[in-house]
Amino acid sequence: MLDLHVHLLGHMDRQATKENIRSFLDEAQRKDIRQIGFADHDMYWGDLDFGLLREVAGEYPELQVRVGLEVNYEEDREEKIARMIDSYPFDYVIGSVHQIGGWFFDFPEEEETHLRRDSDSLYQEYFSLVEKAASSGLFNIIGHFDLIKIFKIRPQTDVRILARQALQAIKDHGLALEINTNGRYKPVQEFYPEIKLMEVIQKMEIPFTLGSDAHESGVVGRDLREACQLLKNIGVNDIVGFTQRRKEFLSLE
Ligand SMILES: [Zn+2]
Ligand SMILES: [Zn+2]
């Protein structure tokens, strides 16, 4: 089992210290996770300490510790993102859409705005940004693929149709998609992406990876065993981890 979506710093709730890193790695061992990847938000760039992660990882030879980054994708940031990614040998980079035209749509207080908007056009705008993120060539994984459902507002059109071009871009550019279990703890109360999208992804042979989106150590690995079982139920036999930005396939035993 692996967990590639872990935030050591949370939302700057703590600093990068050896003790903090150890608490995440200890939890990974308790949960029987073989590969854990730190992917803090790029907005905290100045507070990230990749060298310290690698150093503490050395104390855990039985764990595969990976160093990644979760990048907040915006069209006009592509050059800046490319420079950031090139400045460190990451194992993988997650591209996530958290905002539409400068609007951080996933903040709890934004539910009202979602309710006022036409759901189909909201989903369309969101997925077209995901498509651009996937086509940018900057990322290895797309984070929480259907985050736009966060407040449980569904589109009128079948989501599989609205997501189709984004999925095709992910497939064409060789990216992986995560089962992100954190959605269960948001108003929508289900994993990202939802089951009917998982089935399409499986049919398209897009590789899956796993992420808890833990912002504190206790959440590392949360519900990932269940996510593995779900994947097996829809016929998925392996998931991907990453090292030096290359995929490594691991079988779901
Ligand atoms: Zn995110
Ligand atoms: Zn995250």
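Restricting the first residue to the range 6-28 and requiring it to be on the phi > 0 side of the Ramachandran plot, which pairs with a second residue that is part of a helix (DSSP H, G or I) and among the small types (G, A, S) meet a Cβ separation below 8 Å and a spacing of at least six or different chains?
none
If a residue must be within 16 Å of ligand 1 (Cβ to nearest atom) and basic (K, R), how many such residues does the range 194-253 contain?
Summing the residues that are within 16 Å of ligand 1 (Cβ to nearest atom) and basic (K, R) in the range 194-253 gives 1.
Which count do you get for residues in the range 50-77 that are open to solvent by 20 Å² or more (accessible area, probe 1.4 Å), among the acidic types (D, E) and either under 26 Å from A134 (Cβ atoms) or within 16 Å of ligand 2 (Cβ to nearest atom) (or both)?
Number satisfying all stated conditions: 3.
Residues to consider are P89, P108; find the one that is of a type outside the set (F, W, Y), under 17 Å from N182 (Cβ atoms) and open to solvent by 20 Å² or more (accessible area, probe 1.4 Å).
Result of the check over P89, P108: P108.
Here's a check for you: in the range 207-229, which residue that is open to solvent by 40 Å² or more (accessible area, probe 1.4 Å) and in a helix (DSSP H, G or I) is nearest to ligand 2 (Cβ to nearest atom)?
Checking each candidate, the answer is G218.
Quick check: anything in the range 28-38 in a loop (DSSP other than H, G, I, E, B), in contact with a strand residue (DSSP E or B) (Cβ under 9 Å, 6 or more places away or on another chain) and exposed (fewer than 12 other Cβ atoms within 10 Å of the Cβ)?
Scanning the range 28-38, I find no residue that is in a loop (DSSP other than H, G, I, E, B), in contact with a strand residue (DSSP E or B) (Cβ under 9 Å, 6 or more places away or on another chain) and exposed (fewer than 12 other Cβ atoms within 10 Å of the Cβ), so the answer is no.
Quick one: count up the residues across the range 175-185 that are out of contact with any Asp or Glu (no Cβ under 8 Å at 6 or more places or on another chain) and in contact (Cβ under 8 Å) with a residue 40 or more places away in the chain.
Matching residues across the range 175-185 total 4.
Suppose the filter is within 15 Å of ligand 2 (Cβ to nearest atom), modelled with pLDDT of 95 or more, outside any loop (DSSP other than H, G, I, E, B) and not acidic (D, E); does H11 pass it?
It is false that H11 is within 15 Å of ligand 2 (Cβ to nearest atom), modelled with pLDDT of 95 or more, outside any loop (DSSP other than H, G, I, E, B) and not acidic (D, E).
Any residue in the range 225-249 that is closer than 15 Å to M198 by Cβ sitting within a Cβ distance under 7 Å of a residue that is of a type in the set (D, E) and in a helix (DSSP H, G or I)? List the pairs, counting only those 6 or more apart or interchain.
Hits for this filter: I234/E199.
The values are calculated or read from the model by the stated rules, or taken from the named source; none is laboratory data. Being a predicted model, the structure only gives us computed values, none of them experimental. Every residue, glycine among them, receives a Cβ derived from its backbone with ideal geometry; neighbour counts consider all protein chains shown. Protein only, heavy atoms only, side chains kept; ligands, DNA and RNA dropped before computing areas. Shrake-Rupley method; radii C 1.70, N 1.55, O 1.52, S 1.80 Å.
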